[in-house]
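Trainee: This is the structure, below, for whatever I ask next.
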Amino acid sequence: MTAALDTGTALGKPIRRKEDAHLLHGQTNWTDNIQLPGTVHMAILRSPMAHAKITKLDVSGALKQTGVVAAYGAKELGDLNGGVPCVWPVTDDIKMPAFPALAIDKVRQVGDCVAVVLATSAAAAVDALDSIEVSYEQLPAVTDMEAALKSGSALVHDEIETNACYVYKMPCGDYAASRAKADVVLARRFINQRLIPTFMEPRSVVAAPMGMSDEITIWSSTQIPHVLRVLLALVTGIPENNIRVVAPDVGGGFGGKLQMYREEILVTNLAKKLGRPVKWTETRSENMVATHHGRDQIQDIEIAATKDGKILGLKVTLLANMGAYLQIITPGIPLLGMFMYPAIYKMDSYDFTCTGVFTNKTPTDAYRGAGRPEATYVIERIIDELAAEIGMEPMELRKKNWITHDEFPFTTVAGLTYDTGNYEAATEKALAMFDYDGLRAEQARRRASGDPVQLGIGISTYTEMCGLAPSRTLGALKYVAGGWEHCTVRALPTGKIEVVTGTSPHGQGHETAWSQIASSILGVPVEDIEVIHSDTGRAPYGMDTYGSRSLAVGGQAIKAASERLVEKARVIAAHQLECSASDLEFINGTFQVKGDPSKSQALGAVAFEAFTAHNLPAGVEPTLQAEATIDPADFSFPHGTHLAAMEVDTETGQVKLRKYVCVDDVGMQVNPMIVEGQVHGGVAQGIAQALFEGAEYDDDGNLLTASLADYLIPSAADLPSFDTGTTVTPSTTHPLGTKGVGEAGTIASTPAIINGIVDALRHLGVTDVAMPASPQTVWRTIQAAKGGAK
Amino acid sequence: MAHITVTVDGTSYNGEVEPRKLLVHWLREDIGRVGTVVGCDTSNCGACTVLLNGRSVKSCSVLAVQADGCEVTTIQGLSDGNEWHPVQTAFKECHGLQCGYCTPGMVMAAVDLLSENPTPSEREIREGLEGNLCRCTGYHNIVKSVSYAADLMSAGPTKGAK
């Protein structure tokens, strides 16, 4: 399997990115840069209340304002007020209330869309919002998940008569039996707080009807142009073959742009209705309330083990906050975590229950890791707690229970088959890089001396499932789409190559990495390869970019299409060279007759023959292109060991991340520079959950962290540099031997940080610290453990 | 409306502008310099950073009328033709960008940082860029890029060319 990688010269090299030149010179094509003649700008009147009846709505005042072209509430919009569909009905009896673009009669979250104004400038549209007359009758806000499930709670959606969206159960083995056998049963509750994706480029959409034709082009800052096209067709009724969706330069996503948003429906429908381009770009403050959030689970976990540290079983009971509505895959996010609670550990039983709960908050959906960070946090936290409970070194407890490298492929208690892995190797390397023993000795010294600044060591030995996904598996989970990926490779008459991919990058460097894969097979220099993506007009088939799937799935399609192209070319070359196809070798982009290198034809020359078609063998069609649509055989399972040295000032609660070491095994690497960059960014976002970020609401359902002044994403001054390393255990279910890397760092790092803080304070009686572990939170935790002030 | 004349990336522009209009909106909407971007509405993210008379400013925190008579340098005017500014070279070499949205502001802030302190330590780089947020890189490679740029610039102008 590694042979394919060795044939190329470009693979595995830290080639500098093709994408960078235009980004570094401001020659960019962000959606908000698009200024089409005749554009009208949309502004949205949003609900200031979390839960209220709309008692009056009159948009007529806005129509009198300068520059205003149109204004609509739900009533005026009528049939064009399409709703956001949920495409992941996880159970047969899931409650899926309507989610109209503009609220009808009632608002259910701060930021709910109430009315829109369209004007000839963005400023005029915003100004005119003040002329809309609206009044509300406030209703009690549902903000607490446990209270929401009690009888008598106010209802987010009256018509479904409950705030429970669904209950999903997955019992694996006999947990009750494991529990009965156990010497130790440890139960804990963890809170995985609500996060806001906070990609740097705010969302933006432009829709333009194309002249007299029926075609409409939609530019959107989205991760999913292909999926969006299908969904927009279904929701708007515009025939799919008249819709072109383009995701131009897209400034980050992290799952937050894996969505079809209300605003995309409104812009599309209104452009069609008005017959002119409509544009909307969110402000950051809109983004904080109106772009879906992530995480937000109450996690009860119980672990059953023997007193010498053998894990017997695990029970996980979740409350997952859906928010006010179901976005496209809101209910499914906890299920992506469901399989990963047992993680790298062997056990007899596992019992999982998740209840999805409606509240009057922004809907949740995918955010970097999507379910797996939540799972990894809980299992890695409880492992540390179990170690403390039975008096075992936490790394030793892990070693005692993890799957050893000679046990792969290994089918876990949750039913996944991990193809490969080597937790021992990654851990050994990480321990050495970290100076684990040295830091443990320093920790002991500080503890003995009563140093006010205590040292803690945080461990996270994670794995994850990514590379979404085998379509059959998605179907079994009731997801209404597949997980395949497409690639077309074209050899142009001038020798240039086009790689048409269905992935849709927004920072991941696909143009560079995909060129490296194709180059390694076609023998064409990376600079002669153009990767075409993110435009349903130019790259019509694809399932887009999320779930660390682009290389793991899309990479397979590039490999397969490139190899098919070589085989097509081989037939033509054999005809030209008057030999049989089997007599040809393909070396560095040239076909040559075995044993007679003087008789040869380069791939570019073959492409020209295919173009002129003057002398093609019988039955061979002109043009030289090949395509592949690949459904992955299985998920991929990156893993690694992350270690954090945390200094905690026990007098102030100040936490300092002194050192962060991670060794990740993401299988074969196409471009190690890009891999490392993905790890850095992922680790930073996971650290941010542990230390800085949290979407806070008050009891009335107001988002208190509704701007970048209030929601703390880390700056350069808040983070250290990271010591990264890798081990390479190739995946055997993926022909390139690659796994995914986009989410690994985020999945791994959060528990490493919190485990480190708790480890620093355990001698004071601290057994948990809530996230984000701000100085105030840490200080209060210390005081509470001491029996002092709360 | 007020009349302003501003030199942007070496070209003089003049026109009428609403007094409330922010410099970044004037750059983007009125004169089409869309290389500079908007990332927030609270002056936290720094994506809109430009040089105003040679010093970095967040162009969302400056009114267009305040720039009257000034020189503005944006990411689009940092290098001329094929010559890359050493900071641009360094960001590419060190993979200091991923999605690239914070990049216009990050690069301009780094240019100003290095003009003030040509040999910054890692700590000084991190604190110097505190007003510019990046969500992709974890800052690791941004810090490396600025350090690398400092080396390129101290080695003389020819080393910065690419």
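The values are calculated or read from the model by the stated rules, or taken from the named source; none is laboratory data. This is a predicted model, so every value here is computed, not measured. Note that each Cβ is placed from the backbone with ideal geometry, even for glycine, and that neighbours are counted across all protein chains shown.
Trainee: For A:ILE747, are the conditions met, namely being under 22 Å from the mean Cα position of the chain (by Cα) and within 14 Å of another protein chain (Cβ to nearest Cβ)?
Mentor: In short, no.
Trainee: In addition: Give the residue, chosen from A:VAL480, A:VAL499, A:VAL453, that is modelled with pLDDT under 95 and of a type in the set (Val, Ile, Thr).
Mentor: On the way: A:VAL499 fails: modelled with pLDDT under 95; A:VAL453 fails: modelled with pLDDT under 95.
Just a single option satisfies the conditions, and that option is A:VAL480.
Trainee: Within the stretch B:106-138, restricting attention to residues that are small (Gly, Ala, Ser) and over 24 Å from A:THR746 (Cα atoms), which residue is farthest from the other protein chains (Cβ to nearest Cβ)?
Mentor: Filtering the stretch B:106-138 for residues small (Gly, Ala, Ser) gives B:109-110, B:115, B:121, B:128, B:131, B:138.
In the following step, the residues that additionally are over 24 Å from A:THR746 (Cα atoms) were identified as B:109-110, B:115, B:121, B:128.
Values: B:ALA109: 10, B:ALA110: 11, B:SER115: 18, B:SER121: 12, B:GLY128: 8 Å.
Within the stretch B:106-138, the match that is farthest from the other protein chains (Cβ to nearest Cβ) is B:SER115.
Trainee: If you don't mind, there's one more thing I want to ask. Residue check: is A:VAL679 among the aliphatic types (A, V, I, L, M), out of contact with any Lys or Arg (no Cβ under 6 Å at 6 or more places or on another chain) and under 24 Å from A:THR198 (Cα atoms)? Please lay out each step first, then the result.
Mentor: Working: among the aliphatic types (A, V, I, L, M): yes; out of contact with any Lys or Arg (no Cβ under 6 Å at 6 or more places or on another chain): yes; under 24 Å from A:THR198 (Cα atoms): yes.
Yes.
Okay, residues lined up against (1) over 30 Å from A:PRO363 (Cα atoms); (2) within 13 Å of another protein chain (Cβ to nearest Cβ); (3) acidic (Asp, Glu):
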| position | (1), (2), (3) |
| --- | --- |
| A:ARG16 | yes, yes, no |
| A:ASN29 | no, yes, no |
| A:LEU45 | no, no, no |
| A:PRO48 | no, no, no |
| A:LYS56 | no, no, no |
| A:VAL59 | no, no, no |
| A:THR66 | yes, yes, no |
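Trainee: Give all pairs with beta carbons closer than 8 Å in which a residue from the stretch A:75-87 that is closer than 16 Å to A:LEU232 by Cβ meets a residue that is surrounded by fewer than 16 Cβ atoms within 10 Å (Cβ to Cβ) and modelled with pLDDT under 95; count only pairs at least 6 apart in sequence or on separate chains.
Mentor: Matching pairs, first to second residue: A:VAL87/A:VAL480.
Trainee: Moving on. Go over the candidates A:THR767, A:THR738, A:THR729, A:THR777 one by one and state the one that is touching a Phe, Trp or Tyr at 6+ places or on another chain (Cβ under 9 Å) and either within 14 Å of chain B (Cβ to nearest Cβ) or not aromatic (Phe, Trp, Tyr) (or both).
Mentor: Numbers: A:THR767 fails: touching a Phe, Trp or Tyr at 6+ places or on another chain (Cβ under 9 Å); A:THR738 fails: touching a Phe, Trp or Tyr at 6+ places or on another chain (Cβ under 9 Å); A:THR777 fails: touching a Phe, Trp or Tyr at 6+ places or on another chain (Cβ under 9 Å).
The unique qualifying residue is A:THR729.
Trainee: Can you name the residue in the stretch A:489-523 that is over 23 Å from A:PHE591 (Cα atoms) and among the aliphatic types (A, V, I, L, M) and, of all such residues, is surrounded by the most Cβ atoms within 10 Å (Cβ to Cβ)?
Mentor: A:ALA513
Trainee: Having 2 or more residues that are under 33 Å from the mean Cα position of the chain (by Cα) is the bar; report the strands (runs of 3 or more DSSP E) wholly within the stretch A:18-130 that clear it.
Mentor: On the way: elements: A:40-46, A:52-58, A:68-73, A:113-119.
Because the criterion is at least 2 residues that are under 33 Å from the mean Cα position of the chain (by Cα), the strands (runs of 3 or more DSSP E) in the stretch A:18-130 that meet it are A:40-46, A:113-119.
Trainee: Still on this structure, I have one more. Scan the stretch A:477-504 residue by residue and report those that are out of contact with any Pro (no Cβ under 7 Å at 6 or more places or on another chain), within 24 Å of A:GLY742 (Cβ to Cβ) and not in a strand (DSSP E or B).
Mentor: Step one: of the stretch A:477-504, the residues out of contact with any Pro (no Cβ under 7 Å at 6 or more places or on another chain) are A:477, A:479-482, A:484-503.
Remaining after also requiring within 24 Å of A:GLY742 (Cβ to Cβ): A:477, A:479-482, A:484-489, A:499-503.
Within the stretch A:477-504, A:LEU477, A:TYR479, A:VAL480, A:ALA481, A:GLY482, A:TRP484, A:GLY502, A:THR503 meet the criteria.
Trainee: Another question about this same structure. Inspect all residues belonging to the stretch B:97-105 and state whether any of them is in a loop (DSSP other than H, G, I, E, B), in contact with an Asp or Glu (Cβ under 6 Å, 6 or more places away or on another chain) and more than 7 Å from chain A (Cβ to nearest Cβ). Working first, answer last.
Mentor: So in the stretch B:97-105, the residues in a loop (DSSP other than H, G, I, E, B) come out as B:97-102.
Checking which are in contact with an Asp or Glu (Cβ under 6 Å, 6 or more places away or on another chain) leaves us with B:101.
Narrowing further to those that are more than 7 Å from chain A (Cβ to nearest Cβ): none.
No, the stretch B:97-105 has no match at all.
Trainee: Which one is farthest from the other protein chains (Cβ to nearest Cβ) among residues in the stretch B:64-82 that are more than 10 Å from B:VAL8 (Cβ to Cβ) and part of a helix (DSSP H, G or I)?
Mentor: First, pick out the residues of the stretch B:64-82 that are more than 10 Å from B:VAL8 (Cβ to Cβ): B:64-66, B:68-69, B:75, B:78-82.
Retained after the next criterion (residues that are part of a helix (DSSP H, G or I)): B:64-66, B:75.
Details: B:ALA64: 13, B:VAL65: 15, B:GLN66: 18, B:ILE75: 4 Å.
The selected residue is B:GLN66.
Trainee: Let me confirm something: among A:THR732, A:THR738, which residue is in contact with a Gly (Cβ under 9 Å, 6 or more places away or on another chain) and either crowded, with 24+ Cβ neighbours inside 10 Å or β-branched (Val, Ile, Thr) (or both)? Even if it seems obvious, please write down each step before you answer.
Mentor: Details: A:THR732 fails: in contact with a Gly (Cβ under 9 Å, 6 or more places away or on another chain).
After applying the criteria, what remains is A:THR738.
Trainee: Just to check your reading of the model, which residue among A:ASP351, A:ASP437 is of a type in the set (D, E, K, R), touching a Cys at 6+ places or on another chain (Cβ under 9 Å), over 26 Å from A:MET668 (Cβ atoms) and assigned by TED's automatic domain parsing to the domain that holds A:ASP723?
Mentor: On the way: A:ASP437 fails: touching a Cys at 6+ places or on another chain (Cβ under 9 Å).
None of the other options fit; the residue is A:ASP351.
Trainee: Within the stretch A:247-277, can you find the residues that are within 14 Å of another protein chain (Cβ to nearest Cβ) and on the phi > 0 side of the Ramachandran plot? Let's see the steps before the verdict.
Mentor: Taking the stretch A:247-277 and keeping what is within 14 Å of another protein chain (Cβ to nearest Cβ), we get A:247-257.
Matches in the stretch A:247-277: A:GLY252, A:PHE254, A:GLY255.
Trainee: Return the total of residues in the stretch B:14-37 being of a type outside the set (Ser, Thr, Tyr), assigned to a loop (DSSP other than H, G, I, E, B) and buried (at least 22 other Cβ atoms within 10 Å of the Cβ). Let's see the steps before the verdict.
Mentor: So the first thing to find is which residues in the stretch B:14-37 are of a type outside the set (Ser, Thr, Tyr), and the list is B:14-35, B:37.
Of the ones still in play, those that are also assigned to a loop (DSSP other than H, G, I, E, B) are B:18-21, B:31-35, B:37.
Subset that is buried (at least 22 other Cβ atoms within 10 Å of the Cβ): B:33, B:35, B:37.
So the answer is 3.
Trainee: So in the stretch B:45-63, with the set limited to residues that are crowded, with 24+ Cβ neighbours inside 10 Å and among the small types (Gly, Ala, Ser), which one is nearest to the other protein chains (Cβ to nearest Cβ)?
Mentor: B:ALA47
Trainee: Right, another one. Among the candidates A:ALA633, A:ALA644, A:ALA626, which residue alone is within 26 Å of A:GLU442 (Cα to Cα) and among the aliphatic types (A, V, I, L, M)? Steps first, please.
Mentor: On the way: A:ALA633 fails: within 26 Å of A:GLU442 (Cα to Cα); A:ALA626 fails: within 26 Å of A:GLU442 (Cα to Cα).
Testing whether each residue is within 26 Å of A:GLU442 (Cα to Cα) and among the aliphatic types (A, V, I, L, M) leaves just A:ALA644.
Trainee: Next question. Residues of the stretch A:613-646 being over 30 Å from A:ALA430 (Cα atoms), of a type in the set (A, V, I, L, M, F, W, C) and in contact with a Ser or Thr (Cβ under 7 Å, 6 or more places away or on another chain), which ones?
Mentor: Of all residues in the stretch A:613-646, those over 30 Å from A:ALA430 (Cα atoms) come to A:613-633.
Cutting the leftovers down to of a type in the set (A, V, I, L, M, F, W, C) gives us A:613, A:616, A:618, A:620, A:624, A:626, A:628, A:630, A:633.
Passing the criteria: only A:ALA633.
Trainee: Looking for whichever is within 14 Å of chain B (Cβ to nearest Cβ), touching a Phe, Trp or Tyr at 6+ places or on another chain (Cβ under 6 Å) and within 22 Å of B:ILE125 (Cα to Cα) here; the options are A:LEU708, A:LEU691, A:LEU719. Which one fits? Don't jump to the end; show me each part of the working.
Mentor: Details: A:LEU708 fails: touching a Phe, Trp or Tyr at 6+ places or on another chain (Cβ under 6 Å); A:LEU691 fails: touching a Phe, Trp or Tyr at 6+ places or on another chain (Cβ under 6 Å).
Exactly one residue qualifies, and that residue is A:LEU719.
Conditions tested, residue by residue: (1) closer than 30 Å to A:ILE459 by Cα; (2) in a strand (DSSP E or B).
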site: A:SER598; (1), (2): no, yes
site: A:PRO617; (1), (2): no, no
site: A:PRO622; (1), (2): no, no
site: A:GLU627; (1), (2): no, yes
site: A:GLY640; (1), (2): yes, yes
site: A:VAL648; (1), (2): yes, yes
site: A:THR652; (1), (2): yes, no
site: A:VAL663; (1), (2): yes, yes
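Trainee: Here is a further query. Tell me the residue from B:THR42, B:THR11 that is at the interface with chain A (Cβ under 8 Å from one of its Cβ atoms) and surrounded by fewer than 18 Cβ atoms within 10 Å (Cβ to Cβ), please.
Mentor: Values: B:THR11 fails: at the interface with chain A (Cβ under 8 Å from one of its Cβ atoms).
Within the list B:THR42, B:THR11, the selection yields B:THR42.
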